[in-house]
Ligand SMILES: [Zn+2]
């Protein structure tokens with residue numbers, strides 16, 4: 001018989017020594033199950049064989065489940081029969097859910113026959129499998145698919161299938177991308193916090209009420225939440241108490257004495273932003289965090305907001321393409337958010353899984369990894385990761401993604417000023433070089449802007465263990481990116497000599513640690529073999545669709561039929577980028593019929609430049 005006593009936040013588990021149970025307890029993580037007292041030496045030197053364990057709910061759920069499976073009786077000594085029955089049900093259900101999730105993964109998930117007609121476009125089988133996994137985990141899961149696999153649609157399908165009011169938290173640069181995906185694949189509407197398109201842009205916005213999906217970027221969360229701290233003066237004559245936004249007082253605001261105020265835990269408080277908008281976490285049935293490693297630093301303000309604000313939310317889907325093995329420690333905040341009882345202690349996690357050790361100043365270093373097999377086993381009930389190579393049969397050889405970049409208002413003003421200048425100066429009779437030089441000014445501006453925005457995307461790709469090629473027309477923009485990734489990148493432009501160029505290509509192709517190839521399209525867009533990359537990013541587009549296709553072929557060879565490559569273009573909204581993209585896309589469709597694998601001799605024939613000029617002249621005449 002195992003006697004269990006409920007304490008304030010833990011449980012005391014007491015039993016007579018028993019090999020089976022004793023050995024099982026050793027497998028429970030230390031922070032969930034600690035030995036309080038394992039034997040008592042009696043005065044006559046006999047050992048009293050009673051064993052005590054102090055355990056939290058996560059540990060207790062394992063113990064109870066084990067007792068059930070092995071016919072060991074247990075009893076709650078300080079709970080009523082109905083209280084204990086309720087608790088046992090809850091704990092066993094949690095345990096069963098984990099077992100089901102693991103089984104589901106092991107057996108391969110059968111999704112045939114499930115109706116997906118609520119989507120405009122049917123998801124791939126592996127995306128439906130992710131939905132089935134979310135359902136088994138009751139909406140508490142980490143989707144760790146490699147970048148390029150299409151995680152967004154899995155989360156979207158799950159939310160719609162179960163009609164869940166959903167808050168999606170994303171990096172700012174992905175807000176519009178989410179909106180596009182939602183409108184393209186579903187019949188649902190979405191509301192974006194702090195999204196105020198100008199009237200003339202003709203972008204439809206939806207209200208909070210009519211939208212199943214609400215989207216907010218991580219930074220904007222700070223507009224809706226604040227922290228309050230409670231304080232107490234320990235000066236006996238004062239005893240001041242207060243709840244304020246001040247984290248810590250050097251001296252008591254009441255009696256003025258130094259270092260007497262004890263400051264304690266904080267509460268999260270809701271507030272309105274300057275437009276009177278608010279965000280109530282309780283309004284949502286599902287929270288989705290895209291690029292969830294944004295909360296990897298637990299002390300950052302946004303991580304604390306998310307932890308507090310969504311603690312009670314019963315369904316949370318965290319998406320990240322980052323490979324755990326690189327730095328397991330950064331996964332702890334994600335696991336803690338999904339199941340705070342199972343993953344309760346960051347330091348213990350660091351000791352067990354991050355090879356934690358102290359440096360000579362006594363500071364802990366958690367950058368390593370250890371016991372990865374065990375970690376994978378423990379996270380398996382919540383964690384689903386598919387590698388690209390495993391789902392290749394579903395993917396087309398090339399996946400195209402357009403990432404719309406929202407340009408901040410002060411930068412947009414600056415851009416419009418340059419654009420107005422260009423429109424004013426432009427005369428139809430000017431020669432082509434003059435036109436080109438003017439228009440390049442606009443393109444250069446957006447390229448530089450996008451270079452800064454692209455850093456996070458590139459990081460995500462690298463952290464998912466893939467290689468990426470980044471092309472721009474501009475040396476300045478490519479240099480900016482190269483500088484950010486210097487340690488893991490090579491740079492290839494017209495100003496490098498032959499030997500340097502060859503070294504860059506060799507390094508990118510053969511050195512595993514070299515992840516980023518940054519090049520100018522003019523210098524690197526033709527002839528090179530860069531097939532170690534699985535991703536290509538166009539910071540800006542060339543004038544001729546043929547150059548674009550040739551650049552794509554740097555990383556994609558028709559002979560590697562089994563491969564899938566991801567091609568990303570970044571498009572600054574409300575700028576010349578949009579016109580260029582529309583023109584290129586239209587021409588590409590024509591050219592792909594003509595080209596059919598051959599290189600076109602006269603690329604200029606298909607240049608979009610003249611059409612772009614027409615657009616600018618039209619602006620002048622309006
Ligand atoms: Zn005081």
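Computed quantities for the displayed model
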read-out	value
Among the candidates 500, 483, residue that is more than 28 Å from residue 445 (Cα to Cα) and surrounded by fewer than 21 Cβ atoms within 10 Å (Cβ to Cβ)	500
Total residues in region 65-90, condition assigned to a helix (DSSP H, G or I) and over 16 Å from residue 29 (Cβ atoms)	14
Neighbours by Cβ (under 6 Å, 6+ apart or cross-chain): first from region 235-248, within 9 Å of residue 261 (Cα to Cα); second more than 10 Å from the ligand (Cβ to nearest atom) and at pLDDT below 90	248/263
Residue match in region 439-460 (condition: outside any helix (DSSP H, G or I), within 30 Å of residue 510 (Cβ to Cβ), in contact (Cβ under 8 Å) with a residue 60 or more places away in the chain and out of contact with any helix residue (DSSP H, G or I) (no Cβ under 6 Å at 6 or more places or on another chain))	no
Lone qualifier among 312, 272 - being without any contact (Cβ under 8 Å) to a residue 40 or more places away in the chain, more than 27 Å from residue 367 (Cα to Cα) and exposed (fewer than 13 other Cβ atoms within 10 Å of the Cβ)	312
Entirely in region 208-259, the strands (runs of 3 or more DSSP E) that have 1 or more residues that are within 10 Å of the ligand (Cβ to nearest atom) and farther than 26 Å from residue 277 by Cβ	225-233, 241-244
Filter result for the condition that a residue is crowded, with 16+ Cβ neighbours inside 10 Å, closer than 30 Å to residue 141 by Cβ and touching a strand residue (DSSP E or B) at 6+ places or on another chain (Cβ under 6 Å), over 294, 266	266
First in region 84-113 and crowded, with 16+ Cβ neighbours inside 10 Å, second anywhere and outside any helix (DSSP H, G or I), Cβ under 6 Å, 6 or more apart	84/76; 98/381; 101/137; 101/381
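Here's the yes/no breakdown for (1) closer than 30 Å to residue 196 by Cα; (2) in contact with a helix residue (DSSP H, G or I) (Cβ under 7 Å, 6 or more places away or on another chain):
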position: 361; (1), (2): no, no
position: 369; (1), (2): no, yes
position: 411; (1), (2): yes, yes
position: 431; (1), (2): no, no
position: 437; (1), (2): no, no
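The values are calculated or read from the model by the stated rules, or taken from the named source; none is laboratory data. Small disclaimer: the values here were computed from a predicted structure and weren't measured. All Cβ positions, glycine included, derive from the backbone under ideal geometry; neighbour counts span all protein chains shown.
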